[in-house]
Amino acid sequence: DAKTTQPTSMDCAEGRAANLPCNHSTISGNEYVYWYRQIHSQGPQYIIHGLKNNETNEMASLIITEDRKSSTLILPHATLRDTAVYYCIVRAYGSSNTGKLIFGQGTTLQVKP
Amino acid sequence: DVKVTQSSRYLVKRTGEKVFLECVQDMDHENMFWYRQDPGLGLRLIYFSYDVKMKEKGDIPEGYSVSREKKERFSLILESASTNQTSMYLCASSLTASGSRGEQFFGPGTRLTVL
């Protein structure tokens, strides 16, 4: 399973863009990059995913480098409610193809007023 | 929007009790998952199901069983609750197990305390 590396924590000013990096240098060709976030004591929330093209939805944008070894999640206008732990995940295609998610330590994003 | 609901947000049970945790999704998803989340251990897969009446063990199935009699409902059963099963239990569902539609949608979680 491809591992991911994220900074432990980041701060962002309210209203500014939050750029959260993720390294996944061992990603294989058919593995997707997924981003989730988890607000304290709540279930994880799906944000966005991509294979090799940049993706955008109503929540965020995902920029994946051409070599696919890293990606950046962009929250264009962070609000206080975006304060959460953000997880970058590469899908685990195990022998049983469970599709299970493996969460690392994630990045704690603190949005400040 | 996909909605995944879990029967309880908080639950307190005694050692030895049989515990039922229920999960319902409203998006006609094929796949459903049960995880537990503990500080420092991340998310661990207990069981998953890719179809009605089908189930597969995850990484930590011991002490648990599951039931999927209807597509929208996936139940986790603790046959005889023990204190080491005190945890946050998370249910998730997805359209497919992998690929471009493999995103998982989670319920709010059930925080179970076993005394």
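The values are calculated or read from the model by the stated rules, or taken from the named source; none is laboratory data. Just so you know, these numbers come straight off a predicted model, no measurement behind them. All Cβ positions, glycine included, derive from the backbone under ideal geometry; neighbour counts span all protein chains shown. Heads up: the accessible areas ignore ligands, DNA and RNA and are worked out on the full protein's heavy atoms, side chains in. Shrake-Rupley method; radii C 1.70, N 1.55, O 1.52, S 1.80 Å.
For first residues located in region B:41-62 and within 27 Å of A:G106 (Cβ to Cβ), partners that are of a type in the set (F, W, Y) and in a loop (DSSP other than H, G, I, E, B) and lie 6+ apart or on another chain with Cβ distances below 6 Å form the pairs B:G42/A:F103; B:L43/A:F103. Residue count for region A:39-48 satisfying the condition of being open to solvent by 60 Å² or more (accessible area, probe 1.4 Å) and assigned to a loop (DSSP other than H, G, I, E, B): 2. Checking the structure you have, find out if any residue of region B:89-112 is in a strand (DSSP E or B), aliphatic (A, V, I, L, M) and in contact with an Asp or Glu (Cβ under 9 Å, 6 or more places away or on another chain). No; the residues of region B:89-112 include none that is in a strand (DSSP E or B), aliphatic (A, V, I, L, M) and in contact with an Asp or Glu (Cβ under 9 Å, 6 or more places away or on another chain). Listed by first and then second residue, the pairs linking a residue in region A:37-51 that is under 18 Å from A:H24 (Cβ atoms) to a residue that is acidic (D, E) and open to solvent by less than 30 Å² (accessible area, probe 1.4 Å), with Cβ atoms under 6 Å apart and 6 or more places separating them unless they lie on different chains, are A:Y46/B:E103; A:H49/B:E103. Report yes if B:P39 is under 21 Å from A:L101 (Cα atoms), over 13 Å from the mean Cα position of the chain (by Cα) and either open to solvent by less than 40 Å² (accessible area, probe 1.4 Å) or not polar (S, T, N, Q) (or both), otherwise no. Yes; evaluated as a whole, the condition is true for this residue. Would you pick out the residues in region A:23-38 that are more than 12 Å from A:I74 (Cβ to Cβ) and open to solvent by less than 50 Å² (accessible area, probe 1.4 Å)? Those that are more than 12 Å from A:I74 (Cβ to Cβ) and open to solvent by less than 50 Å² (accessible area, probe 1.4 Å): A:H24, A:I27, A:S28, A:E31, A:Y32, A:V33, A:Y34, A:Y36, A:R37, A:Q38.
Taken together, the residues in region B:6-16 that are of a type outside the set (A, V, I, L, M) and surrounded by 14 or more Cβ atoms within 10 Å (Cβ to Cβ) amount to 4.
Inclusion of A:I63 among residues that are at pLDDT below 95 and among the aliphatic types (A, V, I, L, M) is not warranted. The condition of being of a type in the set (V, I, T) and either within 13 Å of chain A (Cβ to nearest Cβ) or open to solvent by 50 Å² or more (accessible area, probe 1.4 Å) (or both) holds for only one of B:T113, B:T86, that being B:T86. Looking at A:T98, A:T26, just one residue is under 28 Å from B:P39 (Cβ atoms), modelled with pLDDT under 95, away from chain B (no Cβ under 14 Å) and in a loop (DSSP other than H, G, I, E, B), and that residue is A:T26.
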